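To start, the structure under review is shown below, and the notes come after it.
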Amino acid sequence: MYLTKFDIRIIIFIMKYTAREVKEIFLNFFQKNNHKKIKNSSIIPENDDSLLFINAGMAPIKNVFTGEQIPESKKMCNIQTCIRTNDIDSIGDMHHLSSFCMLGSWSIGDYFKEGAIKLAYDFLVNELKIPKKKLYVTVFSGDSKRNLPADEESEGLWQEVGVEKSHIVRKPFEDNFWRMGEGESPCGPCTEVFFDTENEKIKSYEETGFFDDKNRYIEIWNAGVFMQYLQHEDGTYSKLKMNSVDTGAGMERMIMALNNFKSVYESEIFMPIIQLIKNNVPNCNEKSLRIIVDHIRSSVYIINAGVEAGNLKRGYILRQLLRRAIRHLKSIGANETLLQNIARSTIENLDKCGLNPDWAFTKEEIIQKITSEQEKFSKLLVSGLKTFEEFIANKNNIKNGKINSALVFKLYDTFGFPFEITKELANEKGLKVDDKEFNELFDQHKNISKGETGKVFKSGLADVSEQTIKLHTATHLLHSALKKVLGENVNQKGSNITPERLRFDFNFERKLTDDELMQVENLVNNLIEKNLAVICEEMDYEKAKKSGAIGLFQNKYGDKVRVYSIGEYSKELCSGPHVENTKALGKFKITKEESSSAGVRRIKAILQ
Ligand code: GLY
């Protein structure tokens, strides 16, 4: 068949890579290369206090890198929803998002740099057919202060597979040494692939020597974190027992590159929602639009994981995202009811694009949670904005372009403005705020008015509502009942609690029989009916261990630990919180028993 230029243009126009396709191509490629597809996880980390949200595909399996956990396979891949709000300031540009799908692949003690670089090149150039000239790679330049050598090996390997030397950029520790966060994490030098979004006629890095990774070159794949070290909480490193590879690509950016979009927002993941807003608010500013659609999508994911908006940890992140979206909706002049439609369209579109989580709530429930935050914040927003304007109108309140921190704190404390909102308002006026001073005021205030509550939970609870606290206590009873029915060597492997249900993972080789499940359920209910007091004691770590308390996170506890006992039936190291007496729990019911991973079973249960 003969195609005219016009036909070709039509085909190029129609043939866009969608999320579904990119996911499929990625998984097929790695499966074809003998990687086992593993399950993805909730965005709330299980038993990992070092992280608020899963921020990379490797986070749920971080213990396989240290050898603490046996991987399902030495070569694995999956697609994991991630939340990252550390660069919330950048959202609104062409490619930063607060939630995204990570295309991840791993070699656990199997291939290392050579294998990873070959696979990466093969995938990008042969499978996806991205023109070589569009690709640049970065390698770690070494860090003498930390005694970490430059990654010359990767530099050589990229050239061997076919990347020109002029397309390889050396980058320092801050850019090319990857870890999960500041806490304990496997880590190592990494090599990243960047896509050139510019027209080739404009002088490139090769000619200018300037690698503009803010605007022109976007990172599309961390094609190899070469896991060799363990970062400790005190910032030191030790060598891991084996070398592994962790890779992660942001699917949304990959779609942008493959379709030659100008931003991640042009894909089918965001376009319908952007269009909805544009239909209602003509001429609105692009940055606000992007912030709104990004933040509402992340909020939907976070709410669905069971988090309630609040002033602490996960709840605070959710509040920050929602309130920031609400303020941008106001700034573009949107009617308040538009938010519900945006939320509805976001949820429906996630389904349509195949990016939906397992829904734990109905669409209407999620919308309701979003609009309830809007109800709380809308009035405060109007009066807070007025206060802000009046305050900055007085020149005495501004020194060297910096707004007096008392205002920033007042906006937070009295008007519910997350710090990020005030910072953004200030930036829009060409002014600055001081986050250190704000944090000092915040800490002072916390110590005066809230005392201990500032610390709150640590126990895999998504929030601290009354129901999650009850479910948390029920989890301890379940743990002890499982030991009674199935044997003492049954131990907790994971726990996740939402206001609706508890989920408990434990080591056991086979499916539980109906009879065993009934015995466990009855045992928990018997304990509840005994009206047992739940006692919390603080003691030294060693004493707690000797007392026979069970606990999962031994190496993370400090010297003093809390031990929660429920009558003589359960004694666990745990930071709480719990109910005071089991009589508060009501009736315990197991709703599901299934496999979680090899040798690990999962129980879901509710309180009625
Ligand atoms: N885990 C690799 C990355 O997040 O870049």
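The values are calculated or read from the model by the stated rules, or taken from the named source; none is laboratory data. As the structure is a computational prediction, the values presented were derived from the model and not from experiment. Using ideal geometry, Cβ is built from the backbone for each residue, glycine included, and neighbour counts are taken over all protein chains shown.
In this structure, does ILE296 turn out to be under 21 Å from CYS101 (Cβ atoms) and in contact with a Lys or Arg (Cβ under 9 Å, 6 or more places away or on another chain)?
On the way: under 21 Å from CYS101 (Cβ atoms): yes; in contact with a Lys or Arg (Cβ under 9 Å, 6 or more places away or on another chain): no.
In short, no.
Output the residue which, of all residues in segment 50-73 that are over 16 Å from GLY188 (Cβ atoms) and hydroxyl-bearing (Ser, Thr, Tyr), is surrounded by the most Cβ atoms within 10 Å (Cβ to Cβ).
SER73
Could you run through segment 28-55 and say how many residues are at pLDDT 95 or above, within 16 Å of the ligand (Cβ to nearest atom) and of a type in the set (A, V, I, L, M)?
Matching residues across segment 28-55 total 3.
What is the residue count in segment 28-37 for residues that are part of a helix (DSSP H, G or I) and surrounded by fewer than 16 Cβ atoms within 10 Å (Cβ to Cβ)?
Of segment 28-37, the ones part of a helix (DSSP H, G or I) are 28-32.
Subset that is surrounded by fewer than 16 Cβ atoms within 10 Å (Cβ to Cβ): 28, 31-32.
Of the residues in segment 28-37, 3 are part of a helix (DSSP H, G or I) and surrounded by fewer than 16 Cβ atoms within 10 Å (Cβ to Cβ).
So, PHE65, is that one of a type in the set (Phe, Trp, Tyr) and more than 24 Å from HIS472 (Cα to Cα) or not?
yes
Since PHE100 meets every condition but one in (1) at pLDDT 95 or above; (2) over 29 Å from PHE210 (Cα atoms); (3) not in a helix (DSSP H, G or I), which condition does it not meet?
In the conditions (1) at pLDDT 95 or above; (2) over 29 Å from PHE210 (Cα atoms); (3) not in a helix (DSSP H, G or I), PHE100 misses (2) alone.
For segment 85-102, check the following and say yes or no: at least one residue is more than 30 Å from GLN69 (Cβ to Cβ), surrounded by 20 or more Cβ atoms within 10 Å (Cβ to Cβ) and of a type in the set (Gly, Ala, Ser).
Yes, segment 85-102 has at least one match.
Among the residues of segment 481-512 satisfying the criterion of being aromatic (Phe, Trp, Tyr) and not in a loop (DSSP other than H, G, I, E, B), which is modelled with the highest pLDDT?
So the residue we want is PHE504.
Any residue that is at pLDDT 95 or above, buried (at least 22 other Cβ atoms within 10 Å of the Cβ), more than 24 Å from ILE302 (Cα to Cα) and within 16 Å of the ligand (Cβ to nearest atom) - is there at least one of those in segment 12-27?
Scanning segment 12-27, I find at least one residue that is at pLDDT 95 or above, buried (at least 22 other Cβ atoms within 10 Å of the Cβ), more than 24 Å from ILE302 (Cα to Cα) and within 16 Å of the ligand (Cβ to nearest atom), so the answer is yes.
Check off (1) in a helix (DSSP H, G or I); (2) touching a Ser or Thr at 6+ places or on another chain (Cβ under 8 Å) for GLU336 and give me the number that stays unchecked.
GLU336 satisfies every listed condition except (1).
Just to confirm my filter: which strands (runs of 3 or more DSSP E) fall fully inside segment 163-256 and include at least 2 residues that are of a type in the set (Val, Ile, Thr) and either at pLDDT below 90 or within 14 Å of the ligand (Cβ to nearest atom) (or both)?
Hits in segment 163-256: 185-196, 217-231, 237-250.
Can you tell me how many residues within segment 542-559 are touching a strand residue (DSSP E or B) at 6+ places or on another chain (Cβ under 8 Å), modelled with pLDDT of 65 or more and over 21 Å from VAL490 (Cβ atoms)?
0
From the list SER288, SER331, SER299, SER267, which one is under 22 Å from PHE53 (Cβ atoms) and of a type in the set (Ser, Thr, Tyr)?
SER299
Keeping to segment 315-340, report how many residues are crowded, with 16+ Cβ neighbours inside 10 Å and more than 21 Å from GLU420 (Cβ to Cβ).
Residues flagged as crowded, with 16+ Cβ neighbours inside 10 Å and more than 21 Å from GLU420 (Cβ to Cβ) within segment 315-340 amount to 1.
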